[in-house]
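Comments concern the structure below.
Read-outs throughout are calculated quantities, based only on the coordinates presented, and are distinct from any laboratory measurement. All values derive from a computational prediction rather than experimental measurement. Here the Cβ is made from the backbone with ideal geometry for all residues, glycine too, and neighbour counts use every protein chain on show.
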Amino acid sequence: MELYAILKIVWAALLGVLFIGLGTMVGMDMGVGTLLRFVGRNDGERRTALNIIGPHWDGNQVWFILGGGAIFAAFPTLYGTSFSAFYVVMITLLFSMILRPVAFEYRSKADSRLWRAGWDWVFLVSGFVPMFIYGAAFGNVLEGVGYHFGWTGQYYQDESFLSYLLNPFAILCGLMSVGLSVYQGGAMLMLRADDPIWSRARRYAMGGGLVAAILSVIGGIWVQFLPGFVMTAPVNPAMPANPLHGQSVAVVAGGWMHNFHAHPALWLLPLVGLGCMLLGVGMLARGHTVVSWWLGLGAWVGTIMTVGCAMFPFLMPSSTTPDQSLTVWNSTASEYGLGCMLVVAGIFVPIILSYTSWCYYVMRGKVHTADVVNDTHSY
Amino acid sequence: MEFINPDVVDLSRFQFALTALYHFMFVPLTLGLTFMLAAMETVYVVTGRQIYRDMAQFWGKLFGINFAIGVATGITMEFEFGTNWSMYSHFFGDMFGTPLAIEGLMAFFMESTFVGLMFFGWDRLSKQAHLAITYLVALGSNLSALWILIANAGMNMPEGAHFDPETMRMQFESFVDLVFNPDAQAKFVHTSVAGYVSAAMFVMGISAFYLLRGQHRQFAARSFRMAALFGIISTVAVITLGDVLGRLDYEKQPTKIAAIEGLWHTSNPPFEPWIVAALPDDAKQENRYEIGVRLVLTPLITHTFDQPITGMHELEEEAGPRIRSGIDAVAALRRYGVTHSSMDLAQFTAHEQDMGYGLLATRHAPGQDITAIPADQIDDVVRATQPDILPNVFVTFWSFRLMVFLSLWFFALFAISAYLSLKRRLERSRLLLKLCMWSIPLPILATEFGWITAEAGRQPWTVFGWLPTFLSASSHGVSYMVFSLIGFVLLYSVFIAAELYLMFKFARLGPEHDSMEPHAPAASRASAFDMRPMAS
């Protein structure tokens, strides 16, 4: 296989890794945000919950920024097309996301009860909405998006935003993503907090895990009947990245299952995802928080890889002009660009992982309400 | 053929400008304050004197209030390339996305991870380890600026990419050319030291406020002196690098430099005056009420006494043949997309360098289709396109001048402040202290004028010479833009209100541990712990 084709596949895999990192790390913080008003009944408890992720939320959020940056660099055409096609939800996602850094930094810096209660609502919105949209985006992409390209490469939208805002399958995916994020956030709160936060967080985390498990089963069955996209002619994987020509694509009922029929071993992926969710809930019930946290990561791995393998090589299929569907083959950066980025990522990702782990190590241990409120540097 | 809606392009530009200028109200302080915090903490670690730790913690708190909005509004900038400039992302993303992704990997991750430890790690880390963390935050934020400006330099002076007719976009071909783009290097230093000027003015102004009130005098005098020295060095660097940038624009962006100087006709070296003030009239293409200083312009821009600077009328004339050739390039490119014949490719290659100028003519072609202009109308299309190569002269001219005048004011203020502060005659100079206090927002304003000069002066291009701005925007409906604009205005108003409230609150409270003033009014945070249940 040509080097360019290998680079494309490597970057598709790295995109999956980023989506998993984003779901786990950002999902965890957003789960804490969603749960804040429910696990903390008074100001001291809420501040405890916030300070558990206080030293880490900013670093975790970079997974999100980096996810965007990596799509931009490795899949520039996908970046412009997907963000524009989902304009209304992307802007909503942005609005809810950018409230969060401000909420962290500002909430506890003034004493007024109204001020703090207001920011607590912001945490709920900025935790729930982005994770919901994150999941729903996957749902919408699976159903195909209405767009086509003009001859210059300019993209044009062929459907109203209402069709992806009110898409029942996407709503299911969105809720599943929120469920996983509540699970991960709850597990993190249990790791670092004592009662009463601990037992409240456990209840919500178990609920989140169960909801995600049930919805993933329903979603899995649903996908069997969804129209999926398949290539009807061989493609040159090393073709110049240009969505205008080079592919012929058909829409087939149950088309997303083609890869699973061809490679039955792929069925392990959804089983890993579902297994991690159910086992994780069981572990939470027995109070094994560390194991449950890692099982949450396993749930994301299983889920994202299931979706990725079902769709491969499609990234964002077009429901109105299927031949112009964005795939791993036609929407990447150049060979030189992909190679460059791979070298840079190879150097920096290990460094990032080591200093991130070191930060968690430095801030390890339980967070106590009394310490939080007496520390003038805390949130 | 889909039409471009000029209203949507204008609204997209307005939104990008609004959010970028807003973002950059917070970035300069982040860039500069991190280094000032590191300097204060260094003195603390070396001398062990508690007051320097107090300083680092107090200014660190104000830094945090500012930092949060800088981070939040930065996310907007990344998003908007995708949400509002899809054609630009497709056309230039192969190269442009790389520095943005590296910024995340190399800089933003470091800054964001360690800023948590910087705030939370005072009691968990040794003095030296905490100092190292502070330096990493400073390094991270400045490296962030480096990669963003490398990306920005790619828009202004594209280096390291070529247009590829197979993929219909600019293909990235040289990492070295991308990184060592001279525009990037000069802009990075110019912009980051402008951030240091802002931070120095911020610390100096708030210290002046304490000195005027006779509060925290030791603390304020030390902070003031440090800021004044930091400020004078930074201001000199800002002006020097600004001069380097002017010389670069003269070589690579002649339309920008001509608009900055309001130069409608090619200069007459060495006597051409530098216009101090005028009212450039974009419609009539002339200046009204011109006041100039003779002999200054030529050496200022060209660094010689004999090189002419091409004026805007002459630039328009020179663009004529390029537009004509560019129209041929675009027509050949479109044919090639269908035929893939070597003849069309050869025709495109012959005119490739002018392709951008052909795209620029799109707006004036019948039916917005430059590939099918009747032969007898080509002259009209070219003539109609010629004035489009110029940026808005009034905006470019005045934003540049306001930036320059402000920087001269900073130079004077820092110089006098540093002198009086070293002579320890500060507290008697109440007028100076007041001026310092009132000047706090001015460096940020000057930075904004700098961005307007650079980016309004880049027009009509998003990728200079290659992709016109009006072709770069996503093809949204006006209602989408109204939705997002209303949201930004509401959200950003709440942000700035909350930020100013907290900034004033904590600046007024002053340092909570002031080891030199044991009886200073305690910064009250006693009611922070509240056991009453909250409404849920």
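What the table shows:
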{"read-out": "Debye equation applied to the C-alpha atoms of region B:315-388, log10 I(q)/I(0) at 0.12, 0.14, 0.25 Å⁻¹", "value": "-0.28, -0.38, -1.07"}
{"read-out": "Too-long pairs where the Cα-Cα distance tops 29 Å, listed order kept, from A:Lys109/B:Lys127; B:Lys187/B:Lys434; A:Lys109/A:Lys366; B:Lys187/B:Lys505", "value": "B:Lys187/B:Lys434; B:Lys187/B:Lys505"}
{"read-out": "Whole-Hz couplings from phi, Karplus 6.51/-1.76/1.60, listed for region B:173-179; x for Gly and Pro", "value": "9, 8, 5, 4, 5, 4, 6"}
{"read-out": "Principal-axis tilt of helix B:127-156 within chain B, Cα atoms, nearest 10 degrees", "value": "20"}
{"read-out": "Descending Cα extents along the principal axes, region B:330-460, whole Å", "value": "80, 28, 17"}
{"read-out": "Cα Rg, Dmax, region A:53-172, angstrom units", "value": "17.1, 58"}
{"read-out": "Net +/- balance of residues flanking A:Met206 in space, Cβ distance below 12 Å, scoring K and R +1, D and E -1", "value": "+4"}
{"read-out": "Extension gain from B:Leu18 to B:Tyr289, taking 0.36 nm per residue of separation minus the Cα-Cα distance", "value": "94.5 nm"}
{"read-out": "Relative contact order (percent, whole number), chain B, Cα cutoff 8 Å, 6+ residue spacing", "value": "20"}
{"read-out": "Cβ-based net charge around A:Ala85, under 14 Å, with every Lys or Arg adding one and every Asp or Glu removing one", "value": "-3"}
{"read-out": "Proxy reagent accessibility, fewest Cβ within 10 Å first, across B:Lys61, B:Lys284, B:Lys256", "value": "B:Lys284, B:Lys61, B:Lys256"}
{"read-out": "Estimated FRET transfer efficiency (A:Ile221, A:His263; beta-carbon r; R0 30 Å; 0.05)", "value": "0.90"}
{"read-out": "Cβ-defined net charge surrounding B:Asn268, 12 Å radius [Lys, Arg +1; Asp, Glu -1]", "value": "-1"}
{"read-out": "Cα pair count fraction exceeding 41 Å, expressed as % - the protein assembly as shown", "value": "40"}
{"read-out": "Convex hull volume per residue in cubic angstrom - Cα atoms of region B:208-290", "value": "163"}
{"read-out": "Two-site label geometry, B:Gln368 and A:Ile347: point separation in nm, points 7 Å out along Cα→Cβ", "value": "4.3"}
{"read-out": "Quotient of Cα Rg and 2.2 N^0.38 Å for chain A, N being how many residues it contains", "value": "1.01"}
{"read-out": "Paramagnetic reach from A:Asn42 in region A:188-211 [backbone N under 16 Å; point 7 Å along Cα→Cβ]", "value": "A:194-198"}
{"read-out": "Kyte-Doolittle mean at least 0.5 and Cα axial length at least 20 Å: DSSP H helices in chain A", "value": "A:3-21, A:57-74, A:87-106, A:113-143, A:168-192, A:197-225, A:268-285, A:289-311, A:335-362"}
{"read-out": "Length-normalised contact order of chain A in % [C-alpha pairs under 8 Å, at least 6 apart]", "value": "25"}
{"read-out": "Semi-axes of the equivalent ellipsoid for chain B, Cα gyration tensor, largest first, Å", "value": "47, 28, 20"}
{"read-out": "Vicinal HN-Hα couplings computed from phi for region B:261-277 (Karplus, 6.51 cos²θ - 1.76 cosθ + 1.60; Hz; Gly/Pro x)", "value": "8, x, 9, 6, 10, 3, 6, 10, x, x, 7, 3, x, 8, 7, 7, 8"}
{"read-out": "Sorted by Cβ neighbour density within 10 Å, fewest at the top, the residues B:Ile102, A:Ile9", "value": "A:Ile9, B:Ile102"}
{"read-out": "Rounded D (µm²/s) - region A:183-328, Kirkwood Rh over Cα pairs, Stokes-Einstein at 4 °C, 1.567 mPa s", "value": "76"}
{"read-out": "Fewest-first ranking of B:Ile150, B:Ile75, using other Cβ atoms within 10 Å as the exposure measure", "value": "B:Ile75, B:Ile150"}
{"read-out": "Karplus 3J(HN,Hα) series, Hz, for region B:481-498 with 6.51 cos²θ - 1.76 cosθ + 1.60 (x for Gly, Pro)", "value": "5, 5, 4, 6, 5, 4, x, 4, 4, 5, 4, 5, 5, 4, 4, 5, 5, 5"}
{"read-out": "Share of Cα-Cα pairs in region B:267-309 lying beyond 16 Å, as whole percent", "value": "41"}
{"read-out": "Relative contact order of region B:267-309, defined on C-alpha pairs under 8 angstrom at six or more residues apart (%)", "value": "46"}
{"read-out": "Approximate shape of region B:88-164 as ellipsoid semi-axes (Cα gyration tensor, √5λ), whole Å, largest first", "value": "35, 10, 7"}
{"read-out": "Euclidean distance between Cα centres, region B:172-197 to region A:34-66, Å", "value": "36"}
{"read-out": "A:Asp195 paired with A:Lys366, simple spin-label distance in nm, labels 7 Å along Cα-to-beta-carbon", "value": "1.1"}
